[in-house]
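The values are calculated or read from the model by the stated rules, or taken from the named source; none is laboratory data. What you are looking at is a predicted structure, and each value in this text was computed from that prediction instead of being measured. Every residue, glycine as well, gets a Cβ built from its backbone with ideal geometry; the counts of neighbours run over all protein chains shown.
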Amino acid sequence: MSKTVTFATGPVQLDDDGAHLRRELGRALSDALGVEIEIVAEGSYAALADRVSRGDAALAWLPPATFVRANAGGMIDRVYSSERTFGARYQAAIFVRADGPIEDVEGLRGKRVAWVDRESCAGYLFPKLELSERGLPPDSLFGAQEFVESHLRVVRAVRDGEVDAGATFVQLRGVDVRASRPPSLETPEIGEAVQQDLSQSLALVGWAPFVPPAAMRPILVSRAIPADALCITRSLPTALRDAVKDVLLGAGDKPKLSRLFRGLMNADRFASSDASAYEPVRRAMTDAPA
């Protein structure tokens, strides 16, 4: 094999299981492409964006806000959106314990909330924007806010009663997640079936890997968010770019690759995309009041 190709991710799956998945996915991609692929996890999304901007990553897995920042550096050549259960978009939810007293957004007044990161779309930016547009900016609504760096830590904090609410990602069944307006849990936009039984409308919830799905209750769902981006950068030799594209677009039909991408990055398959798909994220980063 020729020179090692670096595939960079953010601080996801930093435990031993994650290290194993990175090695296995790196081997599978190496076998498919005929070049050695090394998958490395940066300690922060800021460091990941910097790496891409410096040209130190040939491939990169970028959450939406990190993509917006990294793309400004001009090093990204091609963009592929990850698709989860119901497509290439998802939503943010503010959630609480199902056995607790909080039933709606007004019940959050003076309470404690855990966010993921200031550049996490589902874990901060989109819930913050949604609250602000309802006249409930987080700095006024909550009694305390903390950033805990991962969706897992958000779920644990809510589960253990360290905070009253948290933010993570969800996907809903039977909802047009392409819509620019949020499918609010408090308005008819989401449909009567969702109003009557939200549990039947949740296709995917960010807390499911850590607690039973019914243990938490979403009380606000945001507008649609573009999915994470898997990017080919200008650091990848031109001769390899079409080969990588073919592997990514065909990954959903390859059981081993599909399993590894799902395990490490929660992606079932990939679709060609471009920077324009992430315009809602740029607006959220710009428009949400500080």
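Those residues that are at positive phi, at pLDDT below 95 and surrounded by fewer than 16 Cβ atoms within 10 Å (Cβ to Cβ), I need them from the range 108-150; list them, please.
GLY135
Scan the range 256-277 for residues that are among the charged types (D, E, K, R) and either in contact with a Lys or Arg (Cβ under 7 Å, 6 or more places away or on another chain) or free of Cβ contacts under 8 Å to residues at least 12 places away in the same chain (or both) and jot them down.
Matches in the range 256-277: ARG259, ARG262, ASP268.
Working only within the range 246-267, note down all residues that are out of contact with any helix residue (DSSP H, G or I) (no Cβ under 6 Å at 6 or more places or on another chain) and not in a helix (DSSP H, G or I).
Answer for the range 246-267, where residues must be out of contact with any helix residue (DSSP H, G or I) (no Cβ under 6 Å at 6 or more places or on another chain) and not in a helix (DSSP H, G or I): LYS254, ASN266.
Being of a type outside the set (Asp, Glu), within 30 Å of GLY107 (Cα to Cα) and surrounded by fewer than 16 Cβ atoms within 10 Å (Cβ to Cβ) narrows it down to one residue among PRO212, PRO226; which is it? Outline the logic, then answer.
Details: PRO226 fails: surrounded by fewer than 16 Cβ atoms within 10 Å (Cβ to Cβ).
Sole residue among the options that is of a type outside the set (Asp, Glu), within 30 Å of GLY107 (Cα to Cα) and surrounded by fewer than 16 Cβ atoms within 10 Å (Cβ to Cβ): PRO212.
Residue under question is VAL12, and the condition is that it be closer than 19 Å to VAL154 by Cα, crowded, with 19+ Cβ neighbours inside 10 Å and not assigned by TED's automatic domain parsing to the domain that holds ASP246; does it hold?
Spelling it out, it is not the case that VAL12 is closer than 19 Å to VAL154 by Cα, crowded, with 19+ Cβ neighbours inside 10 Å and not assigned by TED's automatic domain parsing to the domain that holds ASP246.
Could you tell me which residue of the range 211-269 is farthest from VAL155 (Cα to Cα), considering only residues that are of a type in the set (Val, Ile, Thr) and out of contact with any Pro (no Cβ under 8 Å at 6 or more places or on another chain)?
Here the answer is THR238.
Quick check on the range 109-135: of everything there that is in contact with a strand residue (DSSP E or B) (Cβ under 6 Å, 6 or more places away or on another chain) and of a type in the set (A, V, I, L, M, F, W, C), which residue is nearest to ALA47 (Cα to Cα)?
CYS121
What pairs can you find where one residue is in the range 11-28 and without any contact (Cβ under 8 Å) to a residue 24 or more places away in the chain, the other is in a loop (DSSP other than H, G, I, E, B) and among the acidic types (Asp, Glu), and their Cβ atoms are less than 9 Å apart, with a gap of 6+ or different chains?
Sorted first by the residue in the range 11-28, then by its partner, the pairs are GLY26/GLU36.
What single numbered condition from (1) at pLDDT 70 or above; (2) small (Gly, Ala, Ser); (3) at positive phi fails to hold for GLY174?
(1)
Is it true that some residue in the range 225-244 is closer than 28 Å to GLU119 by Cβ, touching a helix residue (DSSP H, G or I) at 6+ places or on another chain (Cβ under 8 Å) and part of a helix (DSSP H, G or I)?
Yes, the range 225-244 contains a residue that is closer than 28 Å to GLU119 by Cβ, touching a helix residue (DSSP H, G or I) at 6+ places or on another chain (Cβ under 8 Å) and part of a helix (DSSP H, G or I).
Which residue out of ALA60, ALA41, ALA47 is among the small types (Gly, Ala, Ser) and buried (at least 24 other Cβ atoms within 10 Å of the Cβ)?
Every option except ALA60 fails the conditions.
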